[in-house]
Structures are given as structure tokens and as C-alpha cells.
Amino acid sequence: MKKPAEGNDSLPPRAHGPGQEQITARIFMPDTLPTTLRAPLREVPFIRRGTAEFRRANLAFLCAGFATFALLYCVQPLLPAFVADFRISPAASSLSLSLTTAVMAFCLLVAGALSDAWGRKPVMVVSVMASAILTLACALAPGWELFLGLRLLLGIALSGLPAVAMAYIAEEMEPSASGFALGLYISGTAAGGMAGRVLTGLLQDWGGWHWAMGSMGLLGLASAIIFWRALPPSRHFSPRPLALDGLMASFTLHLRDAGLRWLFLEAFLFMGSFVTLYNYIGFRLIAPPFSLGPGAVALVFTLYIVGIGASTLVGGLADRFGRRAMLWVMLLLMLAGLGLTLPPSLPSTVAGIAAMTFGFFGAHSLASSWVGRRAQSARAQASSLYLFAYYMGASLIGAAGGWAWARGGWGGIGWMLGGILLVAFLVALRLSRLRPVGQA
């Protein structure tokens, strides 16, 4: 009997709840076939930890996460350069990120449905490839309006990876390995976020922002090719027709769950706070009393390496102490880190950025995996709603940061983010008392 192809309708849904320890899907030939033509019971294994497939899948998602977030966030250290080159305000320069994340957030709502119809891997491969090509085009943009238009298209292209990646991991990985695999994927996003900021900052100091963005586009293209070649095809995926009514029904189902609603709100709050910090920390560090150059500011972004370890470390701690306890600890750490950035001291500011980075990636790892486990069906749509809230936080709170910066400098940023993170901390305490549903 041939190995089942991707999208085989004979594959049953993946087991949840008490049967989660099952790591294979069973396929039976129809009873209407003659006995002589029936094949014996066939098991289709999930991707198991320690296998070559597991290593290939993790390499693929490390590369894809790296490329996606490098291409998304490579503009952050370039905001002061945009202000000087295009003669715009700091708040206007932040549109190069907030516009991209806003468009990406809305497109994420349908990206999961498109992958349900067209397949997980094809949607993700096209997403990463197109994002790299659009970044190369951004490097050649002669004016601000065209640059923003290309970044808008980039937001559409980027939406094809994040929600679909979470769904692929939930479907294809054995349950005992999915948390680890998701942690590695998020580590790849942290590495991409760091590289996007550090490399573009250093390259800008050497050859200007056009050269910096072009280099990131080429790096993204190489990562996309590795992703395409290394990722195993789906084996526990069944295609479904693209239907708007079914999509809205899935969204409604998830929004009825109070626990998922709280998790979506958390994503909005902690992502918005984190992006705002990194949007405006460059403006703070190039001004007195720090007066750092672009290259030195770019090196501050190496603190993203803290996030690379945070995702897997916090995932392991959650296995011991539970997501409910660890989430509010991560939000408390972000609040403490914000406080450390307020004094006019470079060591204190660097320590504060590191603490906020660790807390953010830990919180994101916990909340995103919690959504995947709590959603009892239509996981791609649950992931889409989570990421919609996540990127709308980046867009709306990031844009509001321009208003806070213009009126109060870094003190205004501190007061705004302090209030937001306090609300996020209270939400985490509420989630710690959430009644479990199914496996979460």
C-alpha cells in the first residue's frame, strides 16, 4: 500500500484530551471493498523527537522563523535614518513597521483558511519567498510612499507563515515533542528579530539603509530555499474547501471560549509593549545623555539573544510549574525590566531591555502554546486570532508610542507601557484561575 499523500481524506482527526498520548493515526480501507482487496491496518506516525524528520522540520522552522522576523523587524534600527533621508517625523517613520503589522494581522485571519484549502507547506513556502523578494524591492524604493506601499504588500506576504506554522506543528508533531518544536520555532523568530535589527544597523553604518535592506532580502531568500527543501510534507492534514461561513463559524467558536479571549488580550498587550520599547529605544540612545551612534545602538539589539533561550527554557519550566504560574511571572519580569530603562544609566537601560526581552519571549511561548492546546478544533483559526491580536497590539500600541514619545520622551513611553503591562499582569492572574477545558 502506498504511503498516504498529503491531504488524504481517509486520515481521521488527531486525538485530543485523554487520548492525547496516542501518537499515530490509523487508516482502515472501506468495509465495502472485497476482503481480498482490503489492506491491513496501517499506522501513519507523527514526527517523533530524535528522528531525522524531526531535525529537518526544526531546521526548516528555524530558517522560516528567522527569515520572517528578520524581514519584518529590519526597519526598526533604521527609523532614525528614515527620518533624516525622507524628512519625516519619528511617528511617521514608525509606520514602516506598524503598517506592515496591521496589514499582516488582518491577513492572518484568512491565512489559516487558505492553508486549510491549499495545504500547509505550499502556503508557507510562497509566504517566505514573496517576503524576501519584496524586501529586495524595498531596498530600491526611491520615495517614502512607494516604500510604505511595498511594506504593506510585505505584511500580506508575511501572514502566510506564523499561523500556519503553529497549525503544522500541532498536527504533525507527536504531543510530547510539539512544545519543544514550537519553542525552537519561536527561538528562530527571536534569532531573526535580532539579526534583522543588528545586521541592518551595522550595515547601515557601513553602507546606508538601502544596502542594509538589500542584504536582509538576500538572507531571507536563502532561508526560504532551505525551508522549502527541508520541511517534510503534511501527513495528518485533510484539505477543506475555502468557505467564508465556515471561517466565521470557527472564529465565533473560539471567541466564545473565555480562556481564549483572555489569551488573545494578553497577546495584544505584551506584544504591543515589547514592540513599542524597541521602536523608540533607538531614539533614546542616540540622544543625550547616551549619544550613541547607529552601530552602537544596533549592538544593543543583540539582547534579542536572551529571547532565543527564553522560549525553550520557559517551556521547560512550564512543564514543571505549569503555564498558569509562569505566565504572570513573565509579565512581572517585563514590568521590572521597564522600570530599569527609566534612569539615565546605560547599564540599567541595557539590563532593563534584557529583562523585558526575556519576559516577552517567555510569555509569548507560554500563551501561544496554550492557545494551541486549549483550542479543541480549527487550530489554524485559533492561531490566526491569537496572532491577529498579537500584531494589532504591535501596530496600535506601537503607533500610540509615537504620541507618548512626542509629549513626554522616554518618561511618556514608560508611563504608557507601565499601565499596559500592569493590565497584562492582572489578566495573567485571571488566567491562573481559568477552568481547564479538554487538555488545557
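The values are calculated or read from the model by the stated rules, or taken from the named source; none is laboratory data. Every value quoted in this text rests on a predicted model; they were computed, and no experiment measured them. Every residue, glycine among them, receives a Cβ derived from its backbone with ideal geometry; neighbour counts consider all protein chains shown. For accessibility, only protein heavy atoms count, side chains too; no ligands or nucleic acids. Shrake-Rupley method; radii C 1.70, N 1.55, O 1.52, S 1.80 Å.
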Quiz item: T302: of a type in the set (S, T, N, Q), open to solvent by 10 Å² or more (accessible area, probe 1.4 Å) and under 26 Å from C63 (Cβ atoms), yes or no?
Solution: yes
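Can you name every one of the helices (runs of 4 or more DSSP H) wholly within the stretch 239-352 that holds 2 or more residues which are within 26 Å of G419 (Cα to Cα)?
Numbers: elements: 244-255, 258-286, 294-300, 305-321, 323-340.
It comes to 258-286, 305-321, 323-340.
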Self-check item: Sole residue being in contact with a Lys or Arg (Cβ under 6 Å, 6 or more places away or on another chain) and assigned to a helix (DSSP H, G or I), chosen from L396, L387, L417, L366
Solution: L366
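With the structure loaded, tell me whether A113 is surrounded by 15 or more Cβ atoms within 10 Å (Cβ to Cβ), under 26 Å from A157 (Cβ atoms) and modelled with pLDDT under 85 or whether it fails that test. First the steps, then the outcome.
Numbers: surrounded by 15 or more Cβ atoms within 10 Å (Cβ to Cβ): yes; under 26 Å from A157 (Cβ atoms): yes; modelled with pLDDT under 85: yes.
Yes.
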Practice problem: Please work out if S93 is of a type in the set (G, A, S) and under 18 Å from the mean Cα position of the chain (by Cα). | Solution: no
Quiz item: On the given criteria, is A310 open to solvent by 10 Å² or more (accessible area, probe 1.4 Å), modelled with pLDDT under 85 and among the aliphatic types (A, V, I, L, M)?
Solution: no
Self-check item: Any pair with Cβ under 9 angstrom, 6 or more apart, that starts in the stretch 99-127 at a residue that is free of Cβ contacts under 8 Å to residues at least 24 places away in the same chain and ends at one that is of a type in the set (G, A, S)
Solution: P122/S115
Quiz prompt | Any chance G402 is over 11 Å from F270 (Cα atoms), free of Cβ contacts under 8 Å to residues at least 24 places away in the same chain and assigned to a helix (DSSP H, G or I) | solution = no
Practice problem: List the number of the failed condition for A378; all other conditions in (1) over 26 Å from V297 (Cβ atoms); (2) open to solvent by 10 Å² or more (accessible area, probe 1.4 Å); (3) out of contact with any Ser or Thr (no Cβ under 6 Å at 6 or more places or on another chain) hold. | Solution: (3)
Quiz item: Which condition breaks for L78 when tested against (1) under 30 Å from A404 (Cα atoms); (2) modelled with pLDDT under 50?
Solution: (2)
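Within the stretch 116-125, how many residues are on the phi < 0 side of the Ramachandran plot, buried (at least 17 other Cβ atoms within 10 Å of the Cβ) and of a type outside the set (K, R)?
5
Filter the stretch 126-173 down to the residues that are part of a helix (DSSP H, G or I) and touching a strand residue (DSSP E or B) at 6+ places or on another chain (Cβ under 8 Å) and list them by number.
Once the filter is applied, which keeps residues that are part of a helix (DSSP H, G or I) and touching a strand residue (DSSP E or B) at 6+ places or on another chain (Cβ under 8 Å), the stretch 126-173 yields only E172.
State whether one or more residues within the stretch 86-102 are of a type in the set (A, V, I, L, M, F, W, C), in a helix (DSSP H, G or I), farther than 25 Å from L218 by Cα and open to solvent by 30 Å² or more (accessible area, probe 1.4 Å).
The initial filter retains those residues of the stretch 86-102 that are of a type in the set (A, V, I, L, M, F, W, C), namely 86, 88, 91-92, 95, 97, 99, 102.
Subset that is in a helix (DSSP H, G or I): 86, 91-92, 95, 97, 99, 102.
Now narrow it down to the ones that are farther than 25 Å from L218 by Cα: 91-92.
Remaining after also requiring open to solvent by 30 Å² or more (accessible area, probe 1.4 Å): 91.
Yes, because at least one residue in the stretch 86-102 is of a type in the set (A, V, I, L, M, F, W, C), in a helix (DSSP H, G or I), farther than 25 Å from L218 by Cα and open to solvent by 30 Å² or more (accessible area, probe 1.4 Å).
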Quiz item: If you go through the stretch 339-394, how many residues are under 18 Å from the mean Cα position of the chain (by Cα), among the polar types (S, T, N, Q) and at pLDDT below 90?
Solution: 6
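Quick one: in the stretch 244-273, of everything that is among the aromatic types (F, W, Y) and over 19 Å from A378 (Cβ atoms), which residue is least open to solvent (accessible area, probe 1.4 Å)? Reasoning before the result, please.
Our first condition is that a residue be among the aromatic types (F, W, Y); within the stretch 244-273, this holds for 251, 262, 264, 268, 270.
Retained after the next criterion (residues that are over 19 Å from A378 (Cβ atoms)): 268, 270.
Numbers: F268: 55, F270: 0 Å².
Only one residue tops the list, namely F270.
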